[in-house]
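Presented below is the structure to which this report refers.
The values are calculated or read from the model by the stated rules, or taken from the named source; none is laboratory data. Given the structure is predicted, the values throughout are model-derived calculations rather than measurements. All Cβ positions, even for glycine, are placed from backbone atoms using ideal geometry, and neighbour counts span all protein chains on display.
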Protein chains: 2
Amino acid sequence: MVNIGLLGLGTVGTGIVEIINNRKDQLKNIVGKDINVKKILVRNLNKERGLDLEEGILTTDFNEILRDKEISIIVEVTGDLECSYEYITEALKAGKNVVTANKAVVSKYFEELSSLASEKNLAFLYEGSVGGGIPVIKALKEQLSLNEILEVQGILNGTCNYILTRMIDEGKSYDEVLKIAQELGYAEADPTADVEGHDTLRKLRILATLSLQGKITEEDIILNGISSIKSFDINNIKSMDSTIKLIGEAKVCEDGFTAVVQPVIVKNSNYFANVNMAFNSVAFKGDNIGELKFYGAGAGKLATANAVLSDVLDIILDSYRKGNPLGENNLKNNNDKLKGNYYLRISTPNKDIISVLRDISNKILSEESNIAIITEEVEIAKINNLISSLGIDKKDYFLARILL
Amino acid sequence: MVNIGLLGLGTVGTGIVEIINNRKDQLKNIVGKDINVKKILVRNLNKERGLDLEEGILTTDFNEILRDKEISIIVEVTGDLECSYEYITEALKAGKNVVTANKAVVSKYFEELSSLASEKNLAFLYEGSVGGGIPVIKALKEQLSLNEILEVQGILNGTCNYILTRMIDEGKSYDEVLKIAQELGYAEADPTADVEGHDTLRKLRILATLSLQGKITEEDIILNGISSIKSFDINNIKSMDSTIKLIGEAKVCEDGFTAVVQPVIVKNSNYFANVNMAFNSVAFKGDNIGELKFYGAGAGKLATANAVLSDVLDIILDSYRKGNPLGENNLKNNNDKLKGNYYLRISTPNKDIISVLRDISNKILSEESNIAIITEEVEIAKINNLISSLGIDKKDYFLARILL
């Protein structure tokens, strides 16, 4: 029997218990023994879970799980940052393999946790942390054996993609769609982490550090979210035979890298244009394999649980790649070299702003209270400096790269 | 040192030698020992290869490789059907692990070779046989542990997709584009296996048998190719805000399955619409993971070599799933239940044909010598029977499913 200690019994945790229960026989066939969730760490022992759980399986004491010598795998799906860091470190130090779906903890402590696991010859796996159910982390690690990865990019946040898709398809306003998304459970009550791009940024930090085999931290990444987008922007984008996606992207650039999370206007014929609603997609490019793209559910109980359990199976079957997957490339942040054509809309502009904008504009689109420009090729740093020098409030402009 | 016996030194074989040479140090770091191509089976010892090969490495005698006790992995990339079957069987019987990129041999002898490898506790891997460089076979096998796979579909042939993309984008005729594709090496001198759909059919046979965990043979699959498509059809398709793809698709249907390779008219907003030129895409749906889609190079020297070498690494690192991956579901062929809306164009129709067509038409499009109909929902068997009862020659009609 393989015993698992499960930390957290929220959406993903519940999905994990359900799949293990529903596929008991198939799993036993594959791994040759029973997979047993022996202990589950929860905050509240008395909450109704809607699950058929064994007496005494729930605990509020992490140490009870840590000290249990029969538990060889810890599955961390608490969603909490600082506690989960402590749990994962303690578990690895105690000789237990760890699987997590927590992108915040992987992003913040990636190097430290990867080294610790590698020193202890233990697994530290996190398929569920990026792209929900998409099996991309394992694929990326494997392709790294045979390829130099030159770039990685993706639609990594289902909430943003859901909002942008419905705004484009239905002409609804940002606020209307956000409200619907919240009602349907696609967005949280406080949507900041999603719509401001922090969630995408964390996932890009993980993908970029793996892909480019050098440390690329959260602070290394330029960040622009989607919360200030207006129907005026949507109409402009549609008139360009295009759509808009929040994309995280990291690339090899000269002696270093560029890394940015930003809304990108893509032609309707672009691959990413047909990645809609709450779906995610991750793409990377290797020197031998060429372009690879992966598409799937960006979140959701069973899809994320499935990703977590694929890591668990790899540990039980000993079929994961050993050693520290992170590289030691010393990469320079070349984000100051990042340039492109941009779409910039400013609301309630004054004459001074307009005259400054004319300098970098190829095309000007405007209506009463909004002015939008399409720039010539220009450094993003220049645009961001311009915006701060003009003192424009975050909610009063929207910036997107245009992929030609 | 790990010694490989390579069978075939064509495009893919050359790519394999190149990648192993170029990544010698990285590969040694990963597997902890040198990977060495010890012997290569070729037809002609004196052909100029453009490779820096060791003296005596080439041989025309398969038995020299088979008897070499130092060779533990046979990589079969001859492209030949009957010889490769013999080589693979002999290799497995002699206790050697086998990797192949040959879809014809996998498709024809899938059950037999899978059983033989499993009995001998050896690897029989074939990532390069479907979808070129796309790492989909391994992903599919792994998802089968956690999911019932309900359907699998894909754009599986780069030649057809290249021809259809250029016809749609540039308005060129089938013959013009085929000629360009042949000149550029995207199509062979005899393009039959590609354009008539046989290559797609073999790949679907492999994907379907794995996905649905029951034997689905080449003969089980309904087949319609693309060779009779005309510019008249392309114009009709474009006017439907759609494009056209050759798609192989197998689905669970009641107590059995349906399996078909056919041109499919998809809306421009469909995911597959933006899989263009020589790229491939494979999609499958599991009950937990939901939809997963994979996109990448459908062929090519380095991409296919990369797929083959990922299997080789899995053998060396012992990180592939053991046991026979094929299932024993006894599935009924329910292709007679397969129905949909179809586009049917007939050239030089007579009055009798037109009156029969009216029976199943929702819409009729026509010009001088062509009549095209869009059917109501109808069994494909009914349409195929109709076509044969009317005695229409293969080159004089074009049939495609319309995905609404």
Those helices (runs of 4 or more DSSP H) lying entirely in segment A:164-253 with at least 2 residues farther than 30 Å from residue A:113 by Cα and either in contact with a Ser or Thr (Cβ under 6 Å, 6 or more places away or on another chain) or modelled with pLDDT of 95 or more (or both): A:174-184, A:231-239
Total residues in segment B:349-387, condition at pLDDT below 90 and either in contact with a Cys (Cβ under 6 Å, 6 or more places away or on another chain) or of a type in the set (Ser, Thr, Tyr) (or both): 4
Residue B:399 surrounded by 16 or more Cβ atoms within 10 Å (Cβ to Cβ) and over 17 Å from residue B:236 (Cβ atoms): no
Cross-chain or 6+ apart pairs with Cβ under 7 Å, segment B:43-58 first and touching a residue at least 24 places away in the same chain (Cβ under 8 Å), then part of a loop (DSSP other than H, G, I, E, B): B:49/B:9; B:58/B:42; B:58/B:45
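Given the structure, is residue B:125 within 20 Å of residue B:213 (Cα to Cα), at pLDDT 95 or above, hydrophobic (A, V, I, L, M, F, W, C) and surrounded by fewer than 23 Cβ atoms within 10 Å (Cβ to Cβ)? Even if it seems obvious, please write down each step before you answer.
Numbers: within 20 Å of residue B:213 (Cα to Cα): yes; at pLDDT 95 or above: yes; hydrophobic (A, V, I, L, M, F, W, C): yes; surrounded by fewer than 23 Cβ atoms within 10 Å (Cβ to Cβ): no.
For residue B:125, the condition - within 20 Å of residue B:213 (Cα to Cα), at pLDDT 95 or above, hydrophobic (A, V, I, L, M, F, W, C) and surrounded by fewer than 23 Cβ atoms within 10 Å (Cβ to Cβ) - is not met.
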Tally, over segment A:81-104, of residues that are touching a Lys or Arg at 6+ places or on another chain (Cβ under 7 Å), closer than 24 Å to residue A:3 by Cα and aliphatic (A, V, I, L, M): 1
Residue A:394, sole failed condition from (1) of a type in the set (Lys, Arg); (2) within 14 Å of another protein chain (Cβ to nearest Cβ); (3) under 26 Å from residue A:223 (Cβ atoms): (2)
Yes/no for residue A:288 being in contact (Cβ under 8 Å) with a residue 12 or more places away in the chain, facing chain B (nearest Cβ under 10 Å), at negative phi and out of contact with any strand residue (DSSP E or B) (no Cβ under 8 Å at 6 or more places or on another chain): yes
Among (1) more than 7 Å from chain B (Cβ to nearest Cβ); (2) surrounded by fewer than 19 Cβ atoms within 10 Å (Cβ to Cβ) - the single one residue A:270 does not satisfy: (1)
Of residues in segment A:6-24 being assigned to a helix (DSSP H, G or I) and either among the hydroxyl-bearing types (Ser, Thr, Tyr) or without any contact (Cβ under 8 Å) to a residue 60 or more places away in the chain (or both), the one nearest to the other protein chains (Cβ to nearest Cβ): A:22
Condition broken by residue A:263, with the remaining ones in (1) crowded, with 23+ Cβ neighbours inside 10 Å; (2) within 11 Å of chain B (Cβ to nearest Cβ); (3) not acidic (Asp, Glu) satisfied: (2)
Residue match in segment B:316-332 (condition: at positive phi and more than 14 Å from chain A (Cβ to nearest Cβ)): no
Residue check, residue B:301 within 30 Å of residue A:166 (Cα to Cα) and either basic (Lys, Arg) or touching a helix residue (DSSP H, G or I) at 6+ places or on another chain (Cβ under 6 Å) (or both): no
Qualifying residue in segment B:297-305 (condition: among the β-branched types (Val, Ile, Thr), touching a residue at least 60 places away in the same chain (Cβ under 8 Å) and either more than 30 Å from residue B:31 (Cβ to Cβ) or within 14 Å of chain A (Cβ to nearest Cβ) (or both)): yes
Residue among B:331, B:338, B:344 that is at pLDDT 95 or above, hydrophobic (A, V, I, L, M, F, W, C), surrounded by 13 or more Cβ atoms within 10 Å (Cβ to Cβ) and touching a Gly at 6+ places or on another chain (Cβ under 9 Å): B:331
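Kindly provide the set of residues from segment B:318-340 that are touching a Lys or Arg at 6+ places or on another chain (Cβ under 7 Å) and touching a residue at least 24 places away in the same chain (Cβ under 8 Å), ordered by number. Full working, then the answer.
Filtering segment B:318-340 for residues touching a Lys or Arg at 6+ places or on another chain (Cβ under 7 Å) gives B:319, B:321, B:325, B:340.
Within segment B:318-340, B:321, B:325, B:340 meet the criteria.
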Subset of segment A:289-314 that is closer than 18 Å to residue A:17 by Cα and touching a Phe, Trp or Tyr at 6+ places or on another chain (Cβ under 8 Å) - its residue that is surrounded by the fewest Cβ atoms within 10 Å (Cβ to Cβ): A:314
Filter pass, residue A:107 being in contact with a Lys or Arg (Cβ under 7 Å, 6 or more places away or on another chain) and of a type in the set (S, T, N, Q): yes
Residue list for segment B:254-273, filter: assigned to a loop (DSSP other than H, G, I, E, B) and either on the phi > 0 side of the Ramachandran plot or without any contact (Cβ under 8 Å) to a residue 60 or more places away in the chain (or both): B:254, B:268, B:269
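Does segment A:38-48 contain at least one residue that is closer than 27 Å to residue B:322 by Cβ and within 29 Å of the chain's Cα centre (by Cα)? Write out each step before concluding.
In the first step, residues of segment A:38-48 are kept if they are closer than 27 Å to residue B:322 by Cβ; the result is A:38.
Restricting the remaining residues to those that are within 29 Å of the chain's Cα centre (by Cα) gives none.
Within segment A:38-48, none of the residues are closer than 27 Å to residue B:322 by Cβ and within 29 Å of the chain's Cα centre (by Cα).
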Helices (runs of 4 or more DSSP H) contained entirely in segment A:54-134, each with at least 2 residues that are β-branched (Val, Ile, Thr): A:81-93, A:103-108
